[in-house]
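Undergrad: Dropping a structure here in structure tokens format, bear with me for questions.
What follows is calculated from the coordinates using simple rules that are stated; it is not laboratory data. Nothing here was measured: the structure is a model prediction, and the numbers come from that model. For neighbour counting, all protein chains shown are included, and Cβ atoms are generated from backbone atoms with ideal geometry for every residue, glycine included.
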Amino acid sequence: MFKNLVITCFLGLIAIVLGAFGAHALKDVLSSSELSSFETGVRYQMYHAIVLLFVNIFDGFTTAQRNKISFIFFLGILLFSGSIYAIQLTSITASSIWFITPLGGLILMIGWFTMIVIFLKKSLKNK
């Protein structure tokens with residue numbers, strides 16, 4: 001659990017650093033649409049870092065469920081936000097890795113769906 005929390009806090013910290021970097025260092029380097037895309041990556045990373053905090057401190061998940069959900073969200077953040085950062089900060093073109101961002105988004109959705117299933121099973125079990 002603590003390993004997941006350390007990774008989660010690191011993801012939150014990096015989101016703040018990248019958000020500040022984007023707001024200050026990149027505002028004169030990226031176009032407004034490129035900066036908007038970068039900010040989307042930062043925003044989704046932070047949203048999911050907050051969700052990961054919940055996942056890893058919520059007593060209603062087993063350790064296996066906590067680890068599964070954390071892995072799914074870690075992977076989703078890496079692919080979704082990471083691909084956006086790579087496109088905006090490097091010479092990698094969107095056309096060369098076009099499939100990674102939506103794949104990351106799909107994985108983030110799978111994380112949310114996994115939590116829905118777990119909560120529904122617990123709800124039905126408690127009836």
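Undergrad: Which ³J(HN,Hα) values, rounded to whole Hz and listed in residue order, are derived for region 32-37 from phi using the Karplus coefficients 6.51, -1.76 and 1.60 in 6.51 cos²θ - 1.76 cosθ + 1.60 with θ = phi - 60°, glycine and proline given as x?
TA: Karplus values, whole Hz, x for Gly and Pro: 4, 6, 5, 5, 4, 5.
Undergrad: Let me ask another. Taking the Cα atoms only, what angle lies between the long axis of helix 2-24 and the longest principal axis of the chain, rounded to 10 degrees?
TA: 30
Undergrad: What's the exposure ranking of Ser95, Ser70, going from fewest to most Cβ atoms within 10 Å?
TA: Values: Ser95 7, Ser70 22.
Ranked by crowding around the Cβ, least crowded first: Ser95, Ser70.
Undergrad: Next up: If I fit a long axis through the Cα atoms of helix 63-89 and take the longest principal axis of the Cα atoms of the chain, what angle between them do I get, 0 to 90°, rounded to 10?
TA: In the chain, helix 63-89 runs at an angle near 10 degrees to the longest axis.
Undergrad: Using amide H atoms built in the peptide plane, which far-off residues or other-chain residues are under 5 Å from Ile97 H to H?
TA: HN-HN under 5 Å from Ile97: empty list.
Undergrad: How big is the shadow of the Cα convex hull of region 2-125, averaged over all directions, in nm²?
TA: Details: hull surface 31.8 nm².
For region 2-125, the mean projected area of the Cα convex hull comes to 7.9 nm².
Undergrad: May I ask you to list the aspartates and glutamates whose Cα is less than 16 Å away from that of Lys122, ignoring any residue fewer than eight positions away on the same chain?
TA: Correct list for Lys122: Asp59.
Undergrad: Pulled fully out, how much extra length does the chain show between Leu120 and Phe99, if you take 0.36 nm times their separation in residues and subtract their Cα-Cα distance? All intermediate terms of the calculation are to be shown ahead of the outcome.
TA: On the way: separation 21, 0.36 × 21 = 7.56 nm, distance 3.13 nm.
Gain in length upon complete extension: 4.4 nm.
Undergrad: Determine the calculated [θ] at 222 nm for the chain from helices alone, applying -39500 (n - 2.57) to every DSSP H run no shorter than 4 residues and normalising by the residue count; nearest 500 deg cm²/dmol. It would help to have the intermediate numbers written out before the result.
TA: Details: 4 runs with 102 residues, N = 127.
The per-residue figure over the chain is -28500 deg cm²/dmol.
Undergrad: Tell me, what is the percent relative contact order of region 2-125, built from C-alpha pairs under 8 Å that lie six or more residues apart?
TA: Working: 103 pairs, mean separation 31.3, N = 124.
Reported as a whole number, the value is 25 percent.
Undergrad: Separate question: Which ³J(HN,Hα) values, rounded to whole Hz and listed in residue order, are derived for region 38-54 from phi using the Karplus coefficients 6.51, -1.76 and 1.60 in 6.51 cos²θ - 1.76 cosθ + 1.60 with θ = phi - 60°, glycine and proline given as x?
TA: 4, 5, 5, x, 5, 4, 5, 4, 5, 3, 7, 5, 5, 4, 5, 4, 4
Undergrad: Can you tell which of Phe38, Phe54, Phe74 shows the greatest fluctuation in a Gaussian network model of the chain with Cα springs below 10 Å?
TA: So, out of Phe38, Phe54, Phe74, the one fluctuating most is Phe54.
Undergrad: Less than 12 Å from a label point 7 Å out along the Cα-to-Cβ axis of Lys3: which backbone N atoms in region 39-70 qualify, by residue?
TA: 67-68
Undergrad: Give me a comma-separated list of calculated 3J(HN,Hα) values for region 104-109, in order, Karplus coefficients 6.51, -1.76, 1.60 applied at θ = phi - 60°, integers in Hz, x for any Gly or Pro.
TA: Once rounded to whole Hz, the list reads x, x, 4, 5, 4, 4.
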